[in-house]
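The values are calculated or read from the model by the stated rules, or taken from the named source; none is laboratory data. The structure presented is a predicted model; accordingly, all values stated were derived computationally and were not measured. Heads up, the Cβs are rebuilt from the backbone with ideal geometry, glycines too, and the neighbour counts pull from every protein chain shown.
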Amino acid sequence: MPFTDAPGFRMAYEVRGTGFPLLLINGLGSDRREWLAQVPAFERHFRVIVFDNRGSGESGSPPGPYTTAEMADDAAGLFSFLGVERAHVLGTSLGGMIAQEVALRHPERVERLVLACTSPGGNVSARPSPEALAAFIRTSGGDREAELRRMIPFLYTERFRREDPEEIEAFVARRLSSPASAEGYAAQLAAAVGHAAGDRLKGIRALTLVIAGTADLLVPPVNSERIAERIPGAKLVLLPGAPHRLFAENAEAFNREVLSFLLKA
């Protein structure tokens, strides 16, 4: 597995496919393996770059707390290492917050932008419910599997959990096999909580797709509406009945919308 120290810590990454670069940015506590439903579809058209954020997967965990701005700079460091001058950027959840900062801090790097199931942060955001926030707290030395299973009702719909338990168990297995520490997870959570780009989104000049599910119980979909209102010319797509992990549960529809947007002349 390739690594680079370009961002200032050991970062794990992979590159698949050929063509114009497309960077995928993970959400809270996840790693590059979570794109298993996207990479096979996207690599037919793009040079797909996936990586583990600081504090997750096989990447290093510098001391936290982190900010979405410095995590955006990490992505820019990976671009420089790979010789990528410009790319499409897609981020989900925390990754969508990081992607906002990539577009704001490194506008020359971003061709088209996809912001999925994410929030503008700050005063313009609709916060998760106290129950949702509580479900995503990890403790050092806690029962990690129990903590993961508390998250699941806020990530997938009840129907999907009932009809496709294999995906749920695979998700739990992937997360349990990740070497990410509770400290790295907490540092990423601090970045998500501290994100505040709402008043600056009008400065994004990249063509932007904002996509979310109407049944997202973690990041209320009104956040996507507020993002789209603030980015000039942004396109908003709300997938009916889709949950927070719409890229997994509704992968076919998600991939179709993303590819239609990125491939449109």
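Quick notes on this one:
- Some residue of region 16-33 being over 24 Å from Ala206 (Cα atoms) and over 11 Å from the mean Cα position of the chain (by Cα): yes
- Residue in region 37-51 that is at pLDDT 95 or above, buried (at least 21 other Cβ atoms within 10 Å of the Cβ), more than 27 Å from Ala253 (Cβ to Cβ) and out of contact with any Lys or Arg (no Cβ under 6 Å at 6 or more places or on another chain) present: no
- In region 118-176, the qualifying residues are those that are among the polar types (S, T, N, Q), in a loop (DSSP other than H, G, I, E, B) and farther than 19 Å from Ala215 by Cα, and the one that is modelled with the highest pLDDT is Thr139.
- One residue from Leu246, Leu259 being of a type in the set (A, V, I, L, M) and buried (at least 23 other Cβ atoms within 10 Å of the Cβ): Leu246
- Residue in region 204-221 that is in contact with a Pro (Cβ under 8 Å, 6 or more places away or on another chain) and charged (D, E, K, R) present: yes
- Test for Ser260: is it assigned to a helix (DSSP H, G or I), closer than 30 Å to Arg174 by Cα, over 17 Å from the mean Cα position of the chain (by Cα) and not charged (D, E, K, R): yes
- Any pair with Cβ under 6 angstrom, 6 or more apart, that starts in region 163-177 at a residue that is closer than 11 Å to Arg149 by Cα and ends at one that is assigned to a helix (DSSP H, G or I): Ile168/Arg161; Val172/Leu148; Arg175/Leu148
- Number of the condition not met by Gly64 [criteria: (1) at pLDDT 95 or above; (2) out of contact with any strand residue (DSSP E or B) (no Cβ under 7 Å at 6 or more places or on another chain)]: (1)
- The listed residues are Gly29, Gly83, Gly8, Gly19, and the only one of them that is crowded, with 22+ Cβ neighbours inside 10 Å and on the phi > 0 side of the Ramachandran plot turns out to be Gly29.
- Residue in region 91-106 that is surrounded by 20 or more Cβ atoms within 10 Å (Cβ to Cβ) and assigned to a loop (DSSP other than H, G, I, E, B) present: yes
- Selection within region 216-239: residues that are of a type in the set (Gly, Ala, Ser) and crowded, with 20+ Cβ neighbours inside 10 Å. The member of this set that is nearest to Val193 (Cα to Cα) is Ser224.
- Qualifying residue in region 192-204 (condition: closer than 30 Å to Ser140 by Cα, surrounded by fewer than 19 Cβ atoms within 10 Å (Cβ to Cβ) and more than 15 Å from the chain's Cα centre (by Cα)): yes
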